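Working notes, structure below.
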Amino acid sequence: MTAVSRRPRTAFLWVGLILPLLMLLAAAAVVAAWMPELPDPIATHWGAGGVDGFAPKWAYLPAVVGIGAAVVVFDAIIVILAPRLAPSNGVPVSSVAYRAMGAINLGLAALIAVLTVGGAEVQKGLADAADAGDITGWLLVGLAAAAIALVLGWFLQPKGPAVDAVQATPAGSIPLATNERAAWFGTATMARIGVVVLLVGLATIAIATVFTLAAGEATGWILAAVTLFIAVTVCIMLVFRVRVNADGLVVRSIVGWPRTHIPLERVAKVETVLLDPLREFGGWGWRIAVDGRRGVVLRAGEALQVTRDDGRVFVVTVDGAADAAATLQTLRTHAETGSHYQHDSNDRGESA
């Protein structure tokens, strides 16, 4: 790692991890000093009519500051470890991810710190948390602090070197006579970093669910349902099957859904590209990029990119993407030239 490439990472460590954690620790220290003066149970939620949510006093700091710290660390893991754990295959790592996540972490920590202190301050000296005053003022202060921290977090980090746009490579072709059949099969598996990120995120939400249920809040069951939904989503996003034959391109999860099918007659262009999931798609799984591309992005590196006849672009990261592209391009050419190509279940071709 060069000195130039180290700068964004070092700045992120300070802006996106160390400073946010120090903010949260400072807020926790203030509230811990006030603990003898706070009611038990303590108010944890305010509605239009005042306090409408309570929790045991011991759960206040773990549920608020602890979860906030977990989210900050989780975000840091994504940015710091992604280039190390996922093979880039020549894809440059942009400093935009460092700056954006660092700024978000700093703003989030500022908001949580202010609300943690404010929520405790309005309850100091009360025997019953239900008598706590309105917290709207503290909420406004927290939002203002978050906005300021977000802007500062962005500009306190260097821009980093410019990253050239990755160019798409047109698909090649394979020799195929009119009476021959071809097919290509592959398996797209999520990179280790993607699995780590998803599991850490799932664990964070599960911890939040446990604390919310322990606090006796009705929203705990909503969080439990969300946790279950995310767990199922994680499972179906880990492995996808990729098939290229006379039916066109089919990409489906190992459980059968989600599934994408692009018939040969709908294929306008076939290419291979180098992708960075974090930089271009914001993560791993079935994703939508900023530029509108959709696809199954499970790791960094080579991907099959197909442009439909309506202009929509679909990508899938899979080993042997160049072979898959060549097979699809060859079948498309045969279909366009009117070759008498018939498909059956005994198609033979390359397997990856």
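Odds and ends about this structure:
- Long-range neighbours under 8 Å by Cβ, at least six apart or interchain, first residue at positive phi and among the acidic types (Asp, Glu) within the range 249-276, second open to solvent by 80 Å² or more (accessible area, probe 1.4 Å) and part of a strand (DSSP E or B): none
- Every residue from the range 231-245 that is over 10 Å from Gly285 (Cα atoms) and either open to solvent by 30 Å² or more (accessible area, probe 1.4 Å) or without any contact (Cβ under 8 Å) to a residue 40 or more places away in the chain (or both): Ala231, Val232, Cys235, Arg241, Arg243
- Which listed residue is at positive phi and either modelled with pLDDT under 85 or over 22 Å from the mean Cα position of the chain (by Cα) (or both), from Gly194, Gly160, Gly142: Gly160
- Whichever residue in the range 270-293 is in contact with a Lys or Arg (Cβ under 7 Å, 6 or more places away or on another chain) and surrounded by fewer than 24 Cβ atoms within 10 Å (Cβ to Cβ) and, among such residues, is farthest from Glu336 (Cα to Cα): Phe281
- Lone qualifier among Ala303, Ala325 - being touching a helix residue (DSSP H, G or I) at 6+ places or on another chain (Cβ under 6 Å), at negative phi and in contact (Cβ under 8 Å) with a residue 12 or more places away in the chain: Ala303
- Flag if Val30 is more than 32 Å from the chain's Cα centre (by Cα), under 15 Å from Lys124 (Cβ atoms) and part of a strand (DSSP E or B): no
- Filter result for Val200 (assigned to a helix (DSSP H, G or I), open to solvent by 80 Å² or more (accessible area, probe 1.4 Å), modelled with pLDDT under 90 and on the phi < 0 side of the Ramachandran plot): no
- Within the range 293-330, tally of residues that are of a type outside the set (A, V, I, L, M, F, W, C) and assigned to a helix (DSSP H, G or I): 4
- From the list Ala188, Ala208, the lone residue that is under 21 Å from the mean Cα position of the chain (by Cα), on the phi < 0 side of the Ramachandran plot and at pLDDT 85 or above is Ala188.
- Matching residues in the range 33-53 - criterion: being over 32 Å from the mean Cα position of the chain (by Cα) and of a type outside the set (A, V, I, L, M): Trp34, Pro36, Glu37, Pro39, Asp40, Pro41, Gly49, Gly50, Asp52
- From the options Arg99, Arg84, residue that is surrounded by 15 or more Cβ atoms within 10 Å (Cβ to Cβ), in a helix (DSSP H, G or I) and at pLDDT below 90: Arg99
The values are calculated or read from the model by the stated rules, or taken from the named source; none is laboratory data. The model shown is predicted, which means the values in this text are computed figures rather than measured ones. Note that we place each Cβ from the backbone using ideal geometry, even for glycine, and neighbour counts take in every protein chain shown. Only protein heavy atoms, including side chains, enter the accessible area calculation; ligands, DNA and RNA are left aside. Shrake-Rupley method; radii C 1.70, N 1.55, O 1.52, S 1.80 Å.
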